[in-house]
Structure formats: C-alpha cells, structure tokens
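K.L.:
Submitted below is the structure of interest, expressed as structure tokens.
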Amino acid sequence: MSEKEQGPGALHATSHEGETAPSSREQRTAALQGAPVVLVSACLLGEACRYDGRSQRSERVLAALADKDIVPICPEVASGLPVPRPPVDLCGGTGVDVWAGRATAVERAEGVDRTEAFQRGACLAFDAARRFGATVALLKEKSPSCGSQRVYESGQLRAGEGITTALLREHGVTVLSDEDL
C-alpha cells in the first residue's frame, strides 16, 4: 500500500478516536507539563538535521523538557531525505490537504515532488509516538512537516499545519510549537 493510501484514516485502529486535542495555547502547555513522554523535533534539541544542515537548538524547549522522557524525531531525515536538502513548500494547501490528496510537498526551486517522503516520515513519527507512549509533541514551527500554526505554501508563509502535525493531531496527539513556549 502506498503512503498516500495510508493517510490519517488508515491508522485509526491505534488512534485516540473521540478524544479532542487541546486547542488553546494554555491547554496545550498544560498537556506538555503533564506529559511524561514527549515527541520532539530533533533540530530543537540541537541535531543539525534541518534542510539547511543547521540545528535550531532552543534553550526554552530544553528547559520545558527538563523532567521528560524525550523521543527525538526528524520526519524528513527519518524518511531518507539528506542533510542538507532543498527547501520544500506545501503546494495547494497544508498537511491535511496533502493526506486528502489535494496538496503536495514540492521542492521550492526544482519542483521535485517529495510528498511520499514527507508522508513516510510522518508515519514514522506517529509510530514513534505510539511506540513510546508520547501523547504530546513539541515541534518546529514553519516546517512543512512539523509546523503547527504556520507553513510555507508556494513560497509564502501562511496559516496551516505540516504533514506530520496533521497526522499526529488526527490521532489525538497534542501538538505544540516551539513558539508556544
């Protein structure tokens, strides 16, 4: 079965159906404070895995995770994409639209479709959250994978969520941005 056919609905057997993820910043922050295990964007922990080969180490993130078990993940690297790699934008919508087949993840300069790699990475991130019992994820804002409030679409920053964030939220995982702290 292809990654597109495995979209969010295909994984419902292990999801938290019927649960509503916290929506306000205060609710998401409270969920983080109460979570013993947190899925975290590896770049925020200091891993040089971003598209540009850098990290985005965040002391605020590290402080918020001081007493937590951490599950680091970079969905893009997990899917096999290299570091560094060309920047990717969402075209035609955001993460939910990609899973519905209405949008794609495309390299900004060359136009190479990376949708399947991004979906594969999202599935790996969700699998890690499930395997380690993470009910909260703290992810890097503006990323086509991890953005929870804003992502780049066709070269412009706009409201929306990334492909991994959409999958995690679909399955009841509370997603916070590094900018929520």
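K.L.:
Go through segment 55-91 and give me each residue that's under 30 Å from E116 (Cβ atoms), touching a residue at least 60 places away in the same chain (Cβ under 8 Å) and not hydrophobic (A, V, I, L, M, F, W, C).
P.N.:
Q56, S58, P75, E76, P87, D89
K.L.:
Given the criterion among the hydrophobic types (A, V, I, L, M, F, W, C), surrounded by fewer than 19 Cβ atoms within 10 Å (Cβ to Cβ) and on the phi < 0 side of the Ramachandran plot, identify the matching residue among A78, A105, A117, A63.
P.N.:
A63
K.L.:
If you don't mind, another one. Return only the number of the condition from (1) of a type in the set (D, E, K, R); (2) farther than 12 Å from P75 by Cβ; (3) modelled with pLDDT of 95 or more that E153 does not satisfy.
P.N.:
(3) is the only condition that E153 fails.
K.L.:
Considering segment 62-80 alone, what residues qualify as being over 14 Å from P144 (Cα atoms) and under 16 Å from the mean Cα position of the chain (by Cα)?
P.N.:
I70, V71, P72, I73, A78, G80
K.L.:
Mind checking whether some residue in segment 105-112 is at pLDDT 95 or above and within 14 Å of G162 (Cα to Cα)?
P.N.:
The answer is yes, given that some residue of segment 105-112 is at pLDDT 95 or above and within 14 Å of G162 (Cα to Cα).
One line per residue, one yes/no per condition, for (1) crowded, with 24+ Cβ neighbours inside 10 Å; (2) over 13 Å from V38 (Cα atoms); (3) in contact (Cβ under 8 Å) with a residue 40 or more places away in the chain:
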| residue | (1), (2), (3) |
| --- | --- |
| A122 | yes, yes, yes |
| A128 | no, no, yes |
| F132 | no, no, yes |
| R150 | no, yes, no |
| S154 | no, yes, yes |
| E161 | yes, yes, yes |
| A166 | yes, yes, yes |
| R169 | no, yes, yes |
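The values are calculated or read from the model by the stated rules, or taken from the named source; none is laboratory data. Since the model is a prediction, treat every value here as computed from it, not as a measurement. Glycine gets a Cβ as well: all are built from the backbone with ideal geometry, and neighbour counts include every protein chain shown.
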